[in-house]
Amino acid sequence: MPTVSIVYHSGTGHTTVLAEAIAAGARSVPGTTVNLLSVEGKDIVEGRYKNEALLATLTVSDAIIFGSPTYMAGPSGQFKCFADATGGIWFNQQWKDKLAAGFSVSGTPSGDKLNTIEYFFLLSQQHSMVWIGTGLLPLAEGRLNRYGVFSGAAAASGYEPPSVKPDADDKDTGAHLGKRVAEAAARWTQ
Ligand SMILES: Cc1cc2nc3c(=O)[nH]c(=O)nc-3n(C[C@H](O)[C@H](O)[C@H](O)COP(=O)(O)O)c2cc1C
């Protein structure tokens, strides 16, 4: 039975909304265990992220989906502190051959969030993971992947309150990615 973990940072809740949609998509695949793991600022002390339990949960997962808001054209500082804390895991290649995917929410339709998802891809490659994109054409089913991002789930918040955005189309795009990763994990762990 595969385990899919979603590890993300969210400052004001928009990325949490997308993370929850991705988790729901992964849970829709029977037999999948899903962990929704939030990177919290309180775990960063003097610039160093420390949460051994969270890292241990990721290390026993079959797939890891990385998520962050786009801040200043890249992942948030909090997410980067988490990523830096995986250096020891990288050194021992403990995430080698796990599946990986990513998602980001920015304020504007582009907002340079592709750079954030590309960062997740490069992080996964340093860990020798196997990357899974959306598998969605732009405006698939008339409304999914509206930003035409193939490499990960992309959403926009438009600076509205967290309860408003990402909207249903963006959430369903996320759910599609979560389901796709869970289905791939089931095949990968056969
Ligand atoms: C420090 C900071 C930097 C940001 N940089 C960008 C950016 O480069 N592009 C963009 O479109 N939105 C940017 N935003 C807007 C956020 O990406 C947007 O509000 C997002 O929904 C925040 O997600 P969250 O609610 O999960 O924190 C920035 C917001 C903050 C606070």
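The values are calculated or read from the model by the stated rules, or taken from the named source; none is laboratory data. Note that this is a predicted model, so its numbers are computed, not measured. Neighbour counts run over all protein chains shown; Cβ positions are idealised from the backbone, glycine included. Heads up: the accessible areas ignore ligands, DNA and RNA and are worked out on the full protein's heavy atoms, side chains in. Shrake-Rupley method; radii C 1.70, N 1.55, O 1.52, S 1.80 Å.
For the chain, the share of DSSP beta bridges that are antiparallel, to the nearest 5, is 15%. At what distance in angstrom do the alpha carbon centres of the range 29-51 and the range 97-159 lie from each other? For the range 29-51 versus the range 97-159, the Cα centre distance is 19 Å. If you count Lys pairs in the chain whose Cα atoms are under 27 Å apart, skipping same-chain pairs closer than 8 places in sequence, the total is 24. Considering only DSSP states other than H, G, I, E and B, which GluC sites (Glu not before Pro) in the range 110-190 qualify as loop sites with at most 14 other Cβ atoms within 10 Å? Hits after loop and neighbour filter: GLU141.
Given an 8 Å cut-off on Cα distances and at least 6 residues of separation, report the relative contact order of the range 3-188 as a percent.
On the way: 391 pairs, mean separation 52.4, N = 186.
Here the relative contact order equals 28 percent.
With the helix formula -39500 (n - 2.57) applied to DSSP H stretches of n ≥ 4, the chain reaches a computed 222 nm mean residue ellipticity of -11500 deg cm²/dmol. Cβ-Cβ distance of ASP167 and TRP131, R₀ of 25 Å, FRET efficiency by 1/(1 + (r/R0)^6): the value works out to about 0.40.
Entry comment: accessible area of the range 3-188 is 44 Å² per residue, from protein heavy atoms only and a probe of 1.4 Å.
Assuming a ≥ b ≥ c are the square roots of the Cα gyration tensor eigenvalues, decide whether the range 68-190 counts as rounded (a/c under 1.5), prolate (otherwise, with a/b larger than b/c) or oblate. Here the range 68-190 falls in the oblate category.
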